[in-house]
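Participant: This is the structure, below, for whatever I ask next.
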Ligand code: CDP
Ligand code: CDP
């Protein structure tokens with residue numbers, strides 16, 4: 001049988017890649033995996049065990065213990081800045097990335113629910129996890145726009161947030177994610193780069209659909 005279709009969506013924090021990925025998945029009938037959740041779950045489990053997310057051995061152990069049924073993957077606590085910071089620390093550990101690579105490739109090879117394809121969003125989907133993806137998008141926006149989006153989102157989830165803290169969290173993670181040695185945040189050479197600073201979610205969706213159509217010949221079924 002033909003390989004399942006994979007749509008790779010990467011970008012920095014709060015660029016809107018998660019929202020776009022879910023819409024694409026719904027429109028094309030694909031399964032969606034927010035890969036940031038995996039790193040957040042690993043970071044949070046290290047913190048809960050009283051460990052340091054920058055400790056390679058502790059982070060690697062937590063990553064190997066993560067399976068698709070782990071209840072931590074559904075916790076609201078994953079959305080906090082604390083979990084995000086811990087995530088970007090464990091994300092620099094090569095053993096963590098290797099353990100999560102298997103998790104992500106299994107998802108693309110056997111999309112849940114028998115879906116004909118999957119949409120993965122993260123930092124290194126187009127560059128490392130799925131270099132042969134059917135279509136690749138790199139979603140970005142200015143730092144200020146992204147901090148504003150994250151602030152609104154946290155507040156709507158009932159998570160208290162201070163604007164200057166959210167901006168600082170974003171700056172620190174942007175730097176750590178783009179400067180690390182393994183799988184740094186950067187657009188794949190064949191990615192379609194979409195700056196969403198001045199676009200709303202509907203406009204971003206429309207452009208993404210056009211690009212996916214041009215690469216795969218597919219149109220949304222919903
Ligand atoms: O939602 P947001 O973009 O703020 O973060 P996320 O996508 O949940 O990712 C949290 C952290 O996990 C990032 O800052 C990265 O350090 C790491 N991550 C990664 O290294 N590779 C991925 N494919 C996804 C996330
Ligand atoms: O997954 P990522 O961290 O990149 O961002 P997100 O959680 O999908 O989006 C952050 C917030 O930006 C959400 O509350 C969206 O409603 C909003 N937003 C968007 O996703 N796309 C736009 N073009 C404008 C706003």
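Bear in mind these aren't lab numbers, they're just calculated from the coordinates by the rules spelled out. Just so it is clear, the model here is predicted, and its values are computed rather than measured. No Cβ is skipped: glycine too gets one built from the backbone with ideal geometry, and neighbour counts run over all protein chains shown.
Participant: Based on this model, can you work out whether residue 84 counts as touching a helix residue (DSSP H, G or I) at 6+ places or on another chain (Cβ under 9 Å), touching a residue at least 60 places away in the same chain (Cβ under 8 Å), outside any helix (DSSP H, G or I) and surrounded by 16 or more Cβ atoms within 10 Å (Cβ to Cβ)? Give the derivation first.
Facilitator: Numbers: touching a helix residue (DSSP H, G or I) at 6+ places or on another chain (Cβ under 9 Å): yes; touching a residue at least 60 places away in the same chain (Cβ under 8 Å): yes; outside any helix (DSSP H, G or I): no; surrounded by 16 or more Cβ atoms within 10 Å (Cβ to Cβ): yes.
No.
Participant: Now a separate question. Look at residue 186 and say whether it is near ligand 2 (Cβ under 10 Å from one of its atoms) and either outside any helix (DSSP H, G or I) or surrounded by 13 or more Cβ atoms within 10 Å (Cβ to Cβ) (or both).
Facilitator: No, not satisfied.
Participant: I've got another one for you. Could you figure out which of (1) in a helix (DSSP H, G or I); (2) under 18 Å from the mean Cα position of the chain (by Cα) isn't true of residue 207?
Facilitator: (2)
Participant: Which one of these does residue 172 not meet: (1) within 13 Å of ligand 2 (Cβ to nearest atom); (2) closer than 14 Å to residue 14 by Cα; (3) in contact with a helix residue (DSSP H, G or I) (Cβ under 9 Å, 6 or more places away or on another chain)?
Facilitator: (1)
Participant: Now a separate question. For the stretch 40-51, does any single residue satisfy the condition of being within 16 Å of ligand 2 (Cβ to nearest atom) and over 15 Å from residue 122 (Cα atoms)?
Facilitator: Yes - at least one qualifying residue is present in the stretch 40-51.
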